[in-house]
Amino acid sequence: MMITPTRLAGCFVYEPKVFFDSRGYFMETFNQRDFNEISGLEIKFVQDNQSFSSKGVLRGLHYQIGEHSQSKLVQVLQGSVLDIAVDIRPESKTYGQYHAEILNDINHKQLFIPKGFAHGFLVLSDTALFFYKCDQYYCAESEGGILYNDAFLNIDWQLPEKDLIVSEKDLKLPGIQQAKKIW
């Protein structure tokens, strides 16, 4: 496996080794020991989540606050998404900046999103099966979010806004400057 840092401290791309042959491929998508050794982190994932979405579905930007703040390791099992991680750590040099990564079932890339980041993704293919690991359990009372089209963030979602399918809940999220603080 290979880990490539992004310009946002603590956020990195994780690429498992894929072994192809005439039958298809095999890959180990996660190995706790190797992940901790290569990343230098002591992460223990406790919850796995999966979602299925159609083209144009935008989920996010979500995060958890306080003791329930989560690190995530995200991947796409089928299809293609534009994955977004936003640094919302107030003391960070990259506060308000984001990293965008295409994750799909061809490149098999995964994105590690540390605590203190908001996360969202947009489905680029007809459908997508999205999977992620979290190092804290979900807690509804600790849920936070940022409006996907916040002018301060200025995220390029790569599809026209008229083609985006966003939940009513996500359309009511505040901008980053009005959002719940993470700590």
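Computed packing ranks the peptides 44-52, 103-111, 16-24 as 103-111, 44-52, 16-24, most packed first, by mean other Cβ atoms within 10 Å. When Rg and Dmax are taken over the Cα atoms of the stretch 42-102, they come to 13.4, 36 Å. Take every Cα pair under 8 Å whose residues are at least 6 apart in sequence, average their separation, divide by the length of the chain, and the relative contact order is 29 percent. Within the stretch 132-179, all pairs of alpha-carbon atoms sorted by distance into 10 Å bins from zero give the percentages 20, 44, 32, 4. If one puts a single equal scatterer on every Cα of the stretch 3-157 and applies the Debye formula without solvent, what log₁₀ I(q)/I(0) results at q = 0.18 Å⁻¹? Here the Debye-derived log intensity ratios amount to -1.15. Straight-line reach from Lys17: taking Cα to Cα under 23 Å and skipping same-chain neighbours fewer than 8 places apart, the lysines in range are Lys44, Lys72, Lys109, Lys133. Summed over qualifying helices (DSSP H, 4 residues or more, each -39500 (n - 2.57)) and divided by its residue number, the chain shows a 222 nm mean residue ellipticity of -1500 deg cm²/dmol. A Förster radius of 22 Å, combined with the Cβ-Cβ distance separating Lys162 from Lys55, puts the computed FRET efficiency at roughly 0.95. A full extension of the chain between Ala140 and Asn107 corresponds to an added length of 8.6 nm, given 0.36 nm per residue minus the alpha carbon distance.
Every read-out reported here was derived from the displayed coordinates using simple, explicitly stated rules and does not represent laboratory data. All values derive from a computational prediction rather than experimental measurement. All Cβ positions, even for glycine, are placed from backbone atoms using ideal geometry, and neighbour counts span all protein chains on display.
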